[in-house]
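Structure first, commentary second.
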Amino acid sequence: MKRRTLLASGAAAATMATLGMPARAQDKTKVGFVYVGPTGDGGWTYEHDQARQKMEAHFDGAVETVFVESVPEGPDAERVMTQMVLAGADLIFTTSFGYMDPTLNVAAKFPDVKFEHATGFKRADNVSTYSARFYEGRAVQGHIAGSMTKTNKIGYIGSVPIPEVIRGINSAYLHAKKVNPDVEFKVIWIFEWLNPAKEADAATTLIEQGCDVILQHTDSTAPQAAAQEAGNVITFGQASDMAEYAPSPRVSSIIDNWTPYYIARTQAVIDGTWTSVDTWDGISTGMVEIGEITETVPAEIKAQAEALRDSIADGSYEPFTGPINKQDGSAWLGDGETADDGTLAGMNFYVEGITGDIPQ
Amino acid sequence: MLTLEKRPNPSKGWTLATPVLAVIFTMIVGGILFAALGKNPFETIRTIFVDPLFSEFAYYYRPQLLVKGAPLVLIAIGLSFGFRAGVWNIGAEGQYIMGALFGAGVGLALYPMESWIVFPLMVIAGAIGGILWAMIPGILKIKFGTNEILVSLMLVYVAEQLLASMALGAMRNPEGMGFPGSRNLSQYPSAANLEIFANSGMHWGVVAALIAVIFAYITLARHMFGFQVRLSGQSPRAAAFAGVNPKALVLICLGISGGLAGLAGMFEVAGPAGQVSIDFNVGYGFTAIIVAFLGRLHPIGILLAGGLMALTYIGGEIAQSTLGLPGAAIQLLQGMLLFFLLAVDVLTNYRLKFGQGELA
């Protein structure tokens, strides 16, 4: 049973007819964006909004974009999406994992409107999913982190314990361990994507525990600021370049570049060729970029990191290549074996060597 | 010269007029703010305060006002008892979470049993959850003289941790592919808090809020307990002479506010939100404090204030997506409402005198 089934009532059906009209009648294609944080977060939402602006500029007046920021993941998100549809949106990007069920609920009511949900796994005829292989970038980060740490303790600020985040931790750990067998990971979960105060607290706690490298899977620059204050700690820009903290503490970054995807999907709606797809791109297509490695990193390590990046880009190396055991010691991947996408998509275990438990 | 002269008794007229005045001031200063942001102030104010009620798509927004306003009113009514008696429960957000967890816990434990008894049991459990959580600051206060403001506020953060733990552990959906979050209660017919009439927005939480308003009105105006509450707030000494037991009053006031907040959480988790998730709570418990004061701690006032607050949320979202107004500007507007109310409140207790005040 679906709640608030607008379609069920005749009144709503009549509205559907009128609602389709303005969108078709006008020349401009209208594209909506639902953001989980403010556009000024300097990270995740900032990059989505940059891509929105570039996409709109690319179409030079043929496309109108609208957005709503800091939308809670729940019934409020449903209302914001519905409101965008009522205002004539043809395509809506919902840019956080927690919008998954709300997106599907709204999409079911408006079959003529296309939806794109970032980082989820549920699709429908008018709902696509898209995400980036952030874990490829994490491999490069892990390499630099493992090479640079002097205390052999690396701090990791986890956001929400879903496979996307766990993949990142595993990938970073495996590549740090490869260059530094003594390396140890400390993970703090804050259970939110964006909370500058909690992010700063987590970073400070990790630094006090002796970590001299901080990795984050959260959206704000607060950990960067905390590291800068502490001194002698290095960090990596997350989702966005966070270049204002370069050359130190920020020594490199993972940049999410959504622009080509947003342009392609909007073009598909304009052309009438849009279909529901599952996109999962990485370094090779440029959806994941590695931000400039600064001079804080010795030239030799920088060259290795760049070589690692290039080998992932050309497909000659997979970040999850066996032999890899799970945390409990059981075998996961045999020698030379690579992980399949299905396992990666649902990854809910740490690899061998990481201490602590995934919250559950 | 303007001077302030204390009134012997608070002015009845100004008590009613100040909330209206606060809204008008908010609109004026908000309009200036929007103009400074480069938006047409009249269009923006109309979009926020009028469009949700009387625009082309008002048929969708009006029910949403009930969905958004009901938890605010339900919680604020509960808080108003304590606030009148000088018992400051600031932790309604935590009681809201505990009500949701208790209610959802019963629903999930009985899943997939279909019976009419499921929903009533969840309602009772939700109220109990909120009451129990509110009893902690209550008992600590009467036994050890702790400050209920601090204890109830701190317990919000404890409840949030418990919520995350439940969403990731005990209440996690076993068919959720390892992702956080419980089963969707709104898709479990016996537990779902659905709309009573299709597309009306009228779910059981709305009904409960209306009943609470009536109940509070009668209690405060006609019942001995209401008299004791009012007397304790105005003059604790007089209340003691009148035979009011201050300890019992603390527990009863906290119990009422906790119970109603718990109910609000339970109705939300079984209806609009649908599931226990890490970020289930979106601040209703805190916003309800503004609603309670904006409504002058009077049941009818709270009903109107809850509606107004819901209006600014929904209108604010419309203004964001149609006019490109930043989300923070809406939050500023909501903050201004309380700010101006407190500022103009001075007129309730003081009278303005023109001319030189008498020298002391």
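For this structure, a couple of remarks:
- For beta carbons closer than 7 Å, sequence separation of 6+ or different chains, a first residue in the stretch B:7-27 that is within 17 Å of residue B:349 (Cβ to Cβ) and a second that is in a loop (DSSP other than H, G, I, E, B), the qualifying pairs are B:15/B:296; B:18/B:345; B:19/B:296.
- Verdict on residue A:333 being hydrophobic (A, V, I, L, M, F, W, C) and within 14 Å of chain B (Cβ to nearest Cβ): no
- Scanning the stretch B:76-126 for residues that are of a type in the set (S, T, N, Q) and in a helix (DSSP H, G or I) yields B:80, B:95.
- Only listed residue being farther than 27 Å from residue B:317 by Cα, surrounded by 21 or more Cβ atoms within 10 Å (Cβ to Cβ), touching a Cys at 6+ places or on another chain (Cβ under 6 Å) and away from chain A (no Cβ under 14 Å), chosen from B:78, B:82: B:82
- The criterion of at least 1 residues that are among the β-branched types (Val, Ile, Thr) and either within 12 Å of another protein chain (Cβ to nearest Cβ) or free of Cβ contacts under 8 Å to residues at least 12 places away in the same chain (or both) is met, among helices (runs of 4 or more DSSP H) falling completely within the stretch B:157-252, by B:204-222.
- Residue among A:273, A:266 that is among the β-branched types (Val, Ile, Thr) and in a loop (DSSP other than H, G, I, E, B): A:273
- When we screen B:154, B:122 for residues that are surrounded by fewer than 17 Cβ atoms within 10 Å (Cβ to Cβ), of a type outside the set (S, T, N, Q) and at negative phi, the only hit is B:154.
- Residue pairs meeting the criteria (Cβ under 7 Å; at least 6 apart or on separate chains; first more than 8 Å from chain B (Cβ to nearest Cβ), in the stretch A:62-81; second part of a loop (DSSP other than H, G, I, E, B) and surrounded by fewer than 23 Cβ atoms within 10 Å (Cβ to Cβ)): A:62/A:28; A:63/A:28; A:64/A:28
- Applying the condition of being under 22 Å from the mean Cα position of the chain (by Cα) and part of a loop (DSSP other than H, G, I, E, B) to the stretch A:286-300 and asking which residue is farthest from residue A:265 (Cα to Cα) yields A:293.
- Per the conditions (1) within 11 Å of chain B (Cβ to nearest Cβ); (2) part of a helix (DSSP H, G or I); (3) of a type in the set (Gly, Ala, Ser), the sole criterion not satisfied by residue A:168 is (1).
- Selection count, the stretch A:82-113, where residues are in contact with an Asp or Glu (Cβ under 8 Å, 6 or more places away or on another chain), closer than 21 Å to residue B:271 by Cβ and at the interface with chain B (Cβ under 10 Å from one of its Cβ atoms): 4
- Filter pass, residue B:313 being touching a Lys or Arg at 6+ places or on another chain (Cβ under 6 Å) and modelled with pLDDT of 90 or more: yes
- Residue within the stretch B:52-64 that is closer than 16 Å to residue B:255 by Cβ, of a type outside the set (Phe, Trp, Tyr) and touching a Ser or Thr at 6+ places or on another chain (Cβ under 8 Å) present: no
- Any hit, the stretch A:120-134, residues being over 14 Å from the mean Cα position of the chain (by Cα) and within 14 Å of another protein chain (Cβ to nearest Cβ): yes
- Sole exception among (1) surrounded by 19 or more Cβ atoms within 10 Å (Cβ to Cβ); (2) aromatic (Phe, Trp, Tyr); (3) farther than 30 Å from residue A:343 by Cβ for residue B:179, by number: (3)
- Subset tally (residues that are more than 9 Å from chain A (Cβ to nearest Cβ), modelled with pLDDT under 90 and touching a Phe, Trp or Tyr at 6+ places or on another chain (Cβ under 7 Å)) for the stretch B:268-297: 0
- Residues in the stretch B:332-351 include none that are crowded, with 22+ Cβ neighbours inside 10 Å and of a type in the set (Val, Ile, Thr).
- Hits in the stretch B:50-75 - residues which are surrounded by fewer than 20 Cβ atoms within 10 Å (Cβ to Cβ) and closer than 30 Å to residue B:220 by Cβ: B:53, B:62
Here's the yes/no breakdown for (1) at pLDDT 95 or above; (2) within 14 Å of another protein chain (Cβ to nearest Cβ); (3) under 22 Å from the mean Cα position of the chain (by Cα):
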| position | (1), (2), (3) |
| --- | --- |
| A:262 | yes, no, yes |
| A:267 | yes, no, no |
| A:274 | yes, no, no |
| A:284 | no, no, yes |
| A:343 | no, yes, yes |
| A:348 | no, yes, yes |
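- Residue within the stretch B:199-213 that is surrounded by fewer than 15 Cβ atoms within 10 Å (Cβ to Cβ) and of a type outside the set (A, V, I, L, M, F, W, C) present: yes
The values are calculated or read from the model by the stated rules, or taken from the named source; none is laboratory data. Just so we're clear, the structure is a prediction, and the values are computed from it rather than from any experiment. Cβ atoms come from the backbone with ideal geometry, glycine included; neighbour counts cover every protein chain shown.
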